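Enquirer: Quick one: structure below, then a few questions.
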Amino acid sequence: MRTEYRNATRSKLLIKKAFIDLLKEKPASKVTVTDIVHEANISRGTFYAHYLDTKDLLESFQREFIEQILYFTRKNHKLTLVEQLNTLLMKILDILKNDYETYCILSNQDFTFEFYNEMRDAMIQELQQEFSLSPETKRRLHIFIGGFMMLLREWLQKGNFESMDEYAQTLSTLITENL
């Protein structure tokens, strides 16, 4: 691996870790680039080489999460719609569980609500491309996935780790019986 690539990866990790550490102390809207560069012990130029501002940094977490979901969806494209949706719901939970603290911190920020809508829309668009959904099925998915996203938000904000699996199983049952 090239040194330049390793340094860029290292810088991004330092920036993200510093940002998450700062979010433990104050809301994202109060975190400045200066705060981040001091916490990460990097230059402002290094920060700006990767991100436009703190909002772009926050949104990068969201983009990466959605990219993981879309990658997973494309990788498992041979499943039926119901199987794909069930698998997708469980994959989302796995991703969140693997970095639970980070996602809990991020979910409690003041400009992340759009993230849930973007994730829902990206999932539906991906499923639409793969399955050519009828308008009725698309509406149902919008409701199911939207409900799941709001449950995720509540789960992350309240730290109710065990019950999300139960919610996901209930949603899977609803999907299986009603799609």
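The values are calculated or read from the model by the stated rules, or taken from the named source; none is laboratory data. Keep in mind it's a predicted model, so treat the numbers as computed, not measured. Please note: Cβ atoms are built from the backbone with ideal geometry, for glycine as well, and neighbour counts cover all protein chains shown.
Enquirer: If Tyr103 satisfies every condition in (1) at negative phi; (2) surrounded by fewer than 15 Cβ atoms within 10 Å (Cβ to Cβ) but one, which is the exception?
Expert: It fails just one condition, (2).
Enquirer: Another question, then. Say whether the condition of being within 20 Å of Gly147 (Cβ to Cβ) and assigned to a loop (DSSP other than H, G, I, E, B) is met by at least one residue in the stretch 112-119.
Expert: yes
Enquirer: Go through (1) closer than 20 Å to Glu154 by Cβ; (2) part of a helix (DSSP H, G or I) one by one and return the number of the condition Leu127 breaks.
Expert: (1)
Enquirer: Among Ile92, Ile42, Ile36, which is outside any helix (DSSP H, G or I) and surrounded by 17 or more Cβ atoms within 10 Å (Cβ to Cβ)?
Expert: Ile42
Enquirer: Taking the residues in the stretch 99-140 that are under 13 Å from the mean Cα position of the chain (by Cα) and aliphatic (A, V, I, L, M) as candidates, determine which candidate is farthest from Leu79 (Cα to Cα).
Expert: Checking each candidate, the answer is Ile105.
Enquirer: May I pose another question? Checking the conditions here, which among Leu81, Leu23, Leu85 is of a type in the set (A, V, I, L, M), in the same structural domain as Ala168 (by TED's automatic domain parsing), surrounded by 14 or more Cβ atoms within 10 Å (Cβ to Cβ) and closer than 23 Å to Trp155 by Cα?
Expert: Only one candidate passes the filter, namely Leu85.
Enquirer: Further question on the same structure: For the stretch 85-100, which residues satisfy the criterion of being closer than 26 Å to Leu23 by Cβ, touching a helix residue (DSSP H, G or I) at 6+ places or on another chain (Cβ under 9 Å) and without any contact (Cβ under 8 Å) to a residue 40 or more places away in the chain?
Expert: Correct list: Lys91, Ile95.
Enquirer: Assess whether Glu64 counts as being under 18 Å from the mean Cα position of the chain (by Cα), part of a helix (DSSP H, G or I) and within 28 Å of Glu126 (Cα to Cα).
Expert: yes
Enquirer: From Lys26, Lys55, which residue is part of a helix (DSSP H, G or I) and within 19 Å of Ile105 (Cβ to Cβ)?
Expert: Unique residue meeting the criteria: Lys55.
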